[in-house]
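Worksheet: the structure to be examined is printed underneath.
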């Protein structure tokens, strides 16, 4: 069996497709990666099943079809993205519990942070492929 015939290739393609689709929504990306982690830990020998399930985690639906206790991510007309669990459904509004609001705001100005206020630093290296495997750093269109 070649890599192209394996379920791991399919799983990788599904992950890439989902990450591209939801790139601007960190809540959905975190949910997808969290579910991937949990499913793969449960059934590591079935990556094909994991990839099929991953594509069904996020499902577009009509607001009229939302039910209490469902976990939802809502986008509003004013551009907000709000995630939570449906607590109540009224005639003209939905109440969410366990709420997270996604705020992705690029800051063009400098921000100053006192070193004494920093508890953890994670360094990002977006050049790791070029550094570790320069012969494999191909241009992708």
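Considering only residues of region 75-85 that are under 15 Å from residue 24 (Cβ atoms) and touching a residue at least 12 places away in the same chain (Cβ under 8 Å), which is surrounded by the most Cβ atoms within 10 Å (Cβ to Cβ)?
83
Out of (1) surrounded by 10 or more Cβ atoms within 10 Å (Cβ to Cβ); (2) in contact (Cβ under 8 Å) with a residue 12 or more places away in the chain; (3) under 25 Å from the mean Cα position of the chain (by Cα), what's the single condition that is false for residue 89?
For residue 89, the failing item is (3).
Considering region 92-110 alone, what residues qualify as being loosely packed, with under 11 Cβ neighbours inside 10 Å, over 22 Å from the mean Cα position of the chain (by Cα) and either at pLDDT 80 or above or over 25 Å from residue 23 (Cβ atoms) (or both)?
92, 93, 110
Of the conditions (1) surrounded by fewer than 10 Cβ atoms within 10 Å (Cβ to Cβ); (2) without any contact (Cβ under 8 Å) to a residue 12 or more places away in the chain; (3) within 19 Å of residue 25 (Cβ to Cβ), residue 63 satisfies every one except a single condition; which number is it?
(2)
Okay, residues lined up against (1) surrounded by fewer than 16 Cβ atoms within 10 Å (Cβ to Cβ); (2) in contact (Cβ under 8 Å) with a residue 12 or more places away in the chain; (3) touching a strand residue (DSSP E or B) at 6+ places or on another chain (Cβ under 6 Å):
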site	(1), (2), (3)
15	no, yes, no
19	yes, yes, no
23	yes, no, no
39	no, yes, no
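What is the number of the single condition among (1) at pLDDT below 85; (2) surrounded by 13 or more Cβ atoms within 10 Å (Cβ to Cβ); (3) in a loop (DSSP other than H, G, I, E, B) that residue 113 does not meet?
(2)
The values are calculated or read from the model by the stated rules, or taken from the named source; none is laboratory data. In this text, all values refer to a predicted model and were calculated from it rather than measured experimentally. Here Cβ is always computed from backbone atoms with ideal geometry, including for glycine, and neighbour counts include all displayed protein chains.
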